[in-house]
Amino acid sequence: MLVFTSEDCSGHVNPPGHPERVERLRAVEAGLAGLAVERRECPLGEEAEVLRCHPAGYLAAVKGAVPEAGWAQLDGDTFLSPGSFRAAMRAVGGICAAVDAVVAGGGAAFVAGRPPGHHAEAARAMGFCLFGTVAIGAMRALDAHGLARVAIVDFDVHHGNGTQDVLWDEGRCLFASSHQMPLYPGSGDPSEVGAHCQVLNVPLRGGTGGAAMRAAYERLILPAVADWRPDLLLVSAGFDAHAADPLAGLEWEAADYAWLAARLWEVSGGRMVSTLEGGYDLDALAASVGAYVGELARRAA
Ligand SMILES: [Zn+2]
């Protein structure tokens with residue numbers, strides 16, 4: 001089990017009071033403490049990897065908006081600090097290196113990067129996200145490695161609208177998302193199925209807890225991934241469905257993330273790359289990451 005991180009990801013600093021804060025990575029480190037994982041540095045990503053999923057004009061606009069001091073604001077809750085572009089490129093490089101390693105040798109990898117990525121649409125930053133990290137990983141697997149079929153599962157409490165937007169017309173990639181609804185960003189209705197019926201949206205009601213989540217995965221998401229027979233499974237691993245999270249209310253517990261790790265690993269075909277998305281209560285984030293990565297480390301070792 002590989003874990004990719006970079007100190008540069010702490011160089012993305014949001015304004016005071018913002019929930020997506022540097023301390024989240026320290027909480028992730030606390031959760032990983034003592035686990036049997038092999039640590040690797042996220043390399044800096046290449047701009048060509050970003051361009052598989054975003055137009056050149058968008059990449060140039062984000063890069064050009066990075067301030068020399070203070071903040072630049074890209075949407076209501078998405079900010080750039082002087083270190084944000086480098087941080088985002090570490091997250092991109094981390095997922096590409098993780099995909100490379102897992103495609104070559106099998107097993108599981110977890111990328112603990114910031115900023116998160118699943119709300120970034122092809123040409124629009126939103127929801128704390130700049131580039132579609134998990135989609136970039138999927139496109140690297142398809143286009144650089146020539147894999148025929150990949151799948152993405154997104155269990156962040158918010159819908160992965162950006163991943164869905166970037167991969168809407170990508171028939172080689174299944175995108176399956178569970179998310180609280182109604183909730184930000186508002187998309188993720190089951191009627192949104194992608195250009196090739198390769199998108200599966202599974203909304204969950206607030207307050208329904210881990211039992212409802214497990215039932216929905218057993219009935220819909222796990223069979224869809226198994227039927228897809230992916231050459232690689234990517235996971236948008238957000239931990240903000242936890243009961244203690246301040247941004248949502250699905251009421252999951254750390255044990256639910258261990259269950260997800262076990263069941264997703266079973267349908268992964270033996271190659272699984274997870275990347276950090278949300279999770280805003282620091283203690284819950286530490287416990288959830290520990291449960292999730294710990295379970296994967298036991299199974300994928
Ligand atoms: Zn989220």
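Residues that are over 17 Å from the mean Cα position of the chain (by Cα): find the helices (runs of 4 or more DSSP H) completely inside segment 122-232 holding 2 or more of those. Working first, answer last.
Values: elements: 133-139, 161-166, 209-216, 222-228.
Those helices (runs of 4 or more DSSP H) span 209-216, 222-228.
Against the condition outside any strand (DSSP E or B), touching a residue at least 24 places away in the same chain (Cβ under 8 Å) and away from the ligand (no atom under 16 Å from the Cβ), how does Leu264 come out, does it pass? Even if it seems obvious, please write down each step before you answer.
Values: outside any strand (DSSP E or B): yes; touching a residue at least 24 places away in the same chain (Cβ under 8 Å): yes; away from the ligand (no atom under 16 Å from the Cβ): yes.
Criteria met by Leu264.
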Problem set entry | Test result for Ser288, in contact with a strand residue (DSSP E or B) (Cβ under 6 Å, 6 or more places away or on another chain), closer than 30 Å to Glu38 by Cβ, within 16 Å of the ligand (Cβ to nearest atom) and polar (S, T, N, Q) | yes
Exercise. So Thr275 fits all but one of (1) more than 15 Å from the ligand (Cβ to nearest atom); (2) within 14 Å of the chain's Cα centre (by Cα); (3) under 17 Å from Ala27 (Cα atoms); what number is the exception?
Worked result: (1)
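Could you count how many residues in segment 203-244 are over 22 Å from Asp281 (Cβ atoms) and either within 15 Å of the ligand (Cβ to nearest atom) or in contact with a His (Cβ under 7 Å, 6 or more places away or on another chain) (or both)? Spell out the reasoning first.
Taking segment 203-244 first, the residues over 22 Å from Asp281 (Cβ atoms) are 203, 215-234.
Those still in the list that are either within 15 Å of the ligand (Cβ to nearest atom) or in contact with a His (Cβ under 7 Å, 6 or more places away or on another chain) (or both) too: 203.
Total satisfying the criteria: 1.
Out of all the residues in segment 183-196, which are loosely packed, with under 13 Cβ neighbours inside 10 Å and within 13 Å of Leu167 (Cβ to Cβ)?
Looking only at segment 183-196, we keep the residues that are loosely packed, with under 13 Cβ neighbours inside 10 Å, and these are 186, 189-191, 195.
Within segment 183-196, just Ala195 meets the criteria.
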Problem set entry | Yes/no for Gly249 being more than 18 Å from the chain's Cα centre (by Cα) and small (Gly, Ala, Ser) | yes
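For segment 241-253, how many residues meet the condition of being touching a helix residue (DSSP H, G or I) at 6+ places or on another chain (Cβ under 8 Å) and either of a type in the set (D, E, K, R) or surrounded by fewer than 24 Cβ atoms within 10 Å (Cβ to Cβ) (or both)? Before the answer, list the steps.
Going through segment 241-253, the residues touching a helix residue (DSSP H, G or I) at 6+ places or on another chain (Cβ under 8 Å) turn out to be 241-245, 250-253.
Next, only the ones that are either of a type in the set (D, E, K, R) or surrounded by fewer than 24 Cβ atoms within 10 Å (Cβ to Cβ) (or both) stay: 243-245, 251, 253.
Of the residues in segment 241-253, 5 are touching a helix residue (DSSP H, G or I) at 6+ places or on another chain (Cβ under 8 Å) and either of a type in the set (D, E, K, R) or surrounded by fewer than 24 Cβ atoms within 10 Å (Cβ to Cβ) (or both).
Scan segment 66-76 and tell me whether some residue there is over 19 Å from the mean Cα position of the chain (by Cα), within 16 Å of the ligand (Cβ to nearest atom) and not β-branched (Val, Ile, Thr).
Of all residues in segment 66-76, those over 19 Å from the mean Cα position of the chain (by Cα) come to 66-76.
In the following step, the residues that additionally are within 16 Å of the ligand (Cβ to nearest atom) were identified as 75-76.
Filter once more, so that each one left must be not β-branched (Val, Ile, Thr): 75-76.
The answer is yes, given that some residue of segment 66-76 is over 19 Å from the mean Cα position of the chain (by Cα), within 16 Å of the ligand (Cβ to nearest atom) and not β-branched (Val, Ile, Thr).
What number of residues within segment 39-69 satisfy the criterion of being surrounded by 13 or more Cβ atoms within 10 Å (Cβ to Cβ), out of contact with any Gly (no Cβ under 9 Å at 6 or more places or on another chain) and over 19 Å from Pro82 (Cβ atoms)? Walk me through how you get there before you give the answer.
Just the residues of segment 39-69 that are surrounded by 13 or more Cβ atoms within 10 Å (Cβ to Cβ), to begin with: 40-47, 49-54, 58-59, 61-63, 65-67.
Applying the additional criterion that residues be out of contact with any Gly (no Cβ under 9 Å at 6 or more places or on another chain) yields 47, 51-52, 58-59, 61-63, 65, 67.
Right, trim to over 19 Å from Pro82 (Cβ atoms) and you get 51-52, 58.
Residues that pass the stated criteria total 3.
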Exercise. Going through segment 245-261 one residue at a time, which ones are at positive phi and within 11 Å of the ligand (Cβ to nearest atom)?
Worked result: none
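This table checks each residue for (1) under 21 Å from the mean Cα position of the chain (by Cα); (2) hydrophobic (A, V, I, L, M, F, W, C); (3) at pLDDT below 95; (4) part of a loop (DSSP other than H, G, I, E, B).
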position: Pro16; (1), (2), (3), (4): no, no, no, yes
position: Arg24; (1), (2), (3), (4): yes, no, no, no
position: Ala27; (1), (2), (3), (4): yes, yes, no, no
position: Gly31; (1), (2), (3), (4): yes, no, no, no
position: Glu49; (1), (2), (3), (4): yes, no, no, no
position: Cys53; (1), (2), (3), (4): yes, yes, no, yes
position: Val62; (1), (2), (3), (4): yes, yes, no, no
position: Phe79; (1), (2), (3), (4): yes, yes, no, no
For this session: Scan segment 284-301 and report the pairs whose first residue is under 15 Å from Asp240 (Cβ atoms) and whose second residue is of a type in the set (S, T, N, Q) and not in a helix (DSSP H, G or I), with Cβ atoms within less than 8 Å and a gap of 6+ or a chain change.
Result: Tyr292/Ser274
Seminar exercise, completed: Reported set for segment 64-77 where residues are part of a helix (DSSP H, G or I) and in contact with a Leu (Cβ under 7 Å, 6 or more places away or on another chain) is Ala65
Seminar exercise, completed: Residue set Arg114, Arg52; condition among the charged types (D, E, K, R) and touching a Ser or Thr at 6+ places or on another chain (Cβ under 9 Å); output residue Arg114
Problem set entry | Residue list for segment 291-301, filter: away from the ligand (no atom under 16 Å from the Cβ), modelled with pLDDT of 95 or more and more than 18 Å from Val225 (Cα to Cα) | Ala291, Val293, Gly294, Glu295, Ala297, Arg298, Arg299
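The values are calculated or read from the model by the stated rules, or taken from the named source; none is laboratory data. Keep in mind that what you see is a predicted model, and the values were worked out from it rather than measured. Note: ideal-geometry Cβ built from the backbone for every residue, glycine included; neighbour counts use all protein chains shown.
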